[in-house]
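First the structure, in the form of structure tokens, and then the observations on it.
Just so it is clear, none of the values below were taken in a lab; they were calculated from the coordinates. Treat the numbers as computed from the prediction; the structure is a model and nothing was measured. Because the Cβ atoms are built from the backbone with ideal geometry, glycine has one as well, and the counts that use them run over all protein chains shown.
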Amino acid sequence: MTRKADPEVLAAILDLINDMADDWEYSGPVTEETLFLTDMGLESLDLVILGTMIQQRYGQLPFAEFLAEIGQRPVEERDVTVGELVNYVSDHRQTVAARE
Amino acid sequence: MPKTLLLGLDGATFTVLDPLIERGKMPFLEKLIAEGVRSPLRSIVPALTPPAWTTVMTGKRPGKHGVFDFFQKEEPDSRYFQFASSHNVKSETIWSVASEHGLKVVSLNFPLMFPPPAVNGYIVPGGWMPWRQLRLGCYPPGLFDRLKTLPSFNPRELALDMTLEAKALEGCAAEEYADWIRLHSRREARWSEILRSIMADDDVDLVGVVFDGADKLQHLCWRFLDPAMRPAEPNAWEQEIIDLCEEYFARLDAILADIVEQSGADATVVVASDHGFGASHDVFYINAWLEEQGFLVWKDEAWESQEVDPQIGFANITRHINELNWDRTVAYAATPSSLGINIVEQPNAVGGRDRATVLADLVSALRQVRNPWTGQPIVAQIHSRDEAFTGPFERYGPDLTLTLADGAAISILRSDVLFRRRDIPLGNHKWDGVFIARGPGIRAGESVDEVSLVDIAPLLLYSLDLPIPTDVDGVVPPQVVRPEQIEQRPPKWFTPEGATAMPTDSDIEIDSDDEATILSRLRALGYVE
């Protein structure tokens, strides 16, 4: 069963993506299922920079570990959906909040 | 107030520039040298774009400014690396000092400028800033929309586009050379257009711009740029590439001339590179060698030699994380760019050796390594972390940093051979870059002794009558500035409050690691095959 994304985090990340998409003329829909690399055509470096902006809002997140985990997947599965990123942010945002 | 210009030429070397100047291809540089000073510019350890340009901006070596590579360890003993960002620059910069004293700055295409620091002026970051997100890197807010109105504004060519970079250089077929060179001619023109637009609209004091095409052309086209290596009787394709390379430098010369002319006759002009360049024939597979010597153990011991999948993916993002046996590895190289070896301290490691013992064993073993084609030691110099990176951030640097003989490159890939000779020589970084300066207070018509990269920031601040932080590693170079100028107006100094990152509009940290991009980018730049 697919996990439902945190609506607040999802909305914030979708806003960020849509703002930038205007600059690179991406006209397709962006949903929880959209893959960053395959569907939107982003480079992995774009994900790093996107991660920067996400952390600006939600605090420091262990992105290196996140990407290391993705790197262990089979080649054809090495991509990230918007929903997966939202869930990751939601989980670790809660961890950060709990520590504080 | 007279302006100060820092015209950065990434990777420039007199080996290439002098013959072009002599043949009349770069008349502006010839004039600038005649009216000012020139010297070799000694780079730092490691002679690499991110730490070296950060040294230009701060006057400090990596142990004091905090940037060692394209990627940074999350913590001193961490195996995880972050993408190096402006938050890693733990020092005052020429931009921050000038801003704090009310001067207006422009910083274009410098690495480590994302997220953009909050300066009194303008920033468009360079380095590995991807074009799709250039808007996020521009400072102040609204600058990106202003730049979009420029006639030739094209972020895809202005900033990093991995697709273009990869297309041009991963394997780079002969027919792709020409487009690659022309791209960089266009890219320099686009940066120039932005700079000249800002200068036309605002009265700026400290202007810095990096043109990085020389580095990229030299990595790929060294054999056409170094007169000593050029084919004696080039075929039609070779002649076309030679002509295009020379055209790039001629256009760059004209761009520099236009910028300087717009800055006024009384401007101080400093031309500097971050490192030099030379030929590179051989590749040393450092992790394979570490395995052979018992310092490194792969997780999958049943590995068989195979062609590396050219598709860059997340498998490469944290290659060393996923491929090494962390219970048994005591030393590894994480990136080819830093030429660094990291030591893993752990009780269950091979033989239970401590860091000091591993360090001594490594140095001893490295000194024995011979280049199979030359018979000479492949390691020219070994720099210990304590020696090369003294400062508050030295523990973020690799334990050992190598300088390889004859411009050999390092590969971190797993390999069943320790060395490989390239089919065609490429270009690689070397110590001696270029320094040219002209302006009030600068000596005229002299070729002077070597200037150090750490001297650039003090010189720039001095030219604007700004105070210099007391903790810089450099000086106002006396061989560059007229003695009477120093006597009349001695340098001013101030003690910075402490090692802090440049303030930005946010307090966030980049802490993502993307070795896919490292490898893709480094491959594109010719660091790895």
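Annotations for the structure displayed:
- Greater than 28 Å apart at Cα, pairs in B:Lys73/B:Lys492; B:Lys3/B:Lys148; B:Lys3/B:Lys60; B:Lys430/B:Lys492: B:Lys73/B:Lys492; B:Lys430/B:Lys492
- D_trans [Stokes-Einstein, Kirkwood Rh over alpha-carbon pairs] for segment B:280-426, 20 °C, 1.002 mPa s, µm² s⁻¹: 134
- Of the residues B:Asp161, B:Asp179, the one with the fewest other Cβ atoms within 10 Å heads the list, and the complete ranking is B:Asp179, B:Asp161.
- Computed over chain B: relative contact order in percent, which uses C-alpha pairs under 8 Å that are six or more apart: 30
- Per-residue ellipticity at 222 nm from helix content only, as computed over chain B with -39500 (n - 2.57) for each DSSP H run of at least four residues, stands at -10000 deg cm²/dmol.
- Cα gyration tensor, the protein assembly as shown - rounded (a/c under 1.5), prolate or oblate: rounded
- Value of relative contact order over segment B:280-426, rounded to a whole percent, pairs C-alpha under 8 Å and six or more apart: 39
- Residues whose amide H lies under 5 Å from that of B:Ala409, counting only those 5 or more places away or on a different chain, are B:Asp282, B:Val283, B:Phe284; hydrogens are built 1.01 Å from N in the peptide plane.
- Per-residue average of Cβ from other chains inside 10 Å of B:18-30: 0
- Partner shielding of A:33-45 amounts to 4, given as the average count of beta-carbon atoms from other chains within 10 Å of each residue beta-carbon.
- Along the axis of the charge dipole computed for the protein assembly as shown (Cβ charges of +1 for Lys and Arg, -1 for Asp and Glu, origin at the Cα centre), the listed residues A:Asn18, B:Ser452, A:Gln72 are led at the positive end by B:Ser452.
- Cα gyration tensor shape for segment A:7-99, rounded if a/c is under 1.5, else prolate or oblate: oblate
- Among the helices of chain A, those built from whole DSSP H runs whose Cα atoms reach 18 Å or more along their own axis and whose mean Kyte-Doolittle hydropathy is at least 0.5 are A:44-58.
- C-alpha long axis of helix B:49-58 to longest principal axis of chain B, angle in °: 40
- Stokes-Einstein, applied to the Kirkwood radius of segment B:355-437 over Cα pairs at a viscosity of 0.890 mPa s and 25 °C, places its translational diffusion at 163 µm² s⁻¹.
- Global form of chain B, assessed from the alpha-carbon gyration tensor, a/c cut-off 1.5: prolate
- Per-residue ellipticity at 222 nm, computed for chain A from helices alone with -39500 (n - 2.57) per DSSP H run of at least four residues, works out to -19500 deg cm²/dmol.
- Axis angle, to the nearest 10 degrees, between helix B:355-366 and the longest C-alpha principal axis of chain B: 90 degrees.
- Order of A:Val89, A:Val75, B:Val297 under a 10 Å beta carbon neighbour criterion, fewest first: A:Val75, B:Val297, A:Val89
- Remark: B:Lys3, B:Lys90 ranked as B:Lys90, B:Lys3, counting other beta-carbon atoms within 10 Å and listing the fewest first.
- The simple spin-label model puts a point 7 Å past each Cα toward its Cβ; for A:Ala11 and B:Arg489 those points are separated by 5.6 nm.
- With Cα atoms, 0 to 90° folded angle of helix B:515-525 axis to chain B main axis: 60
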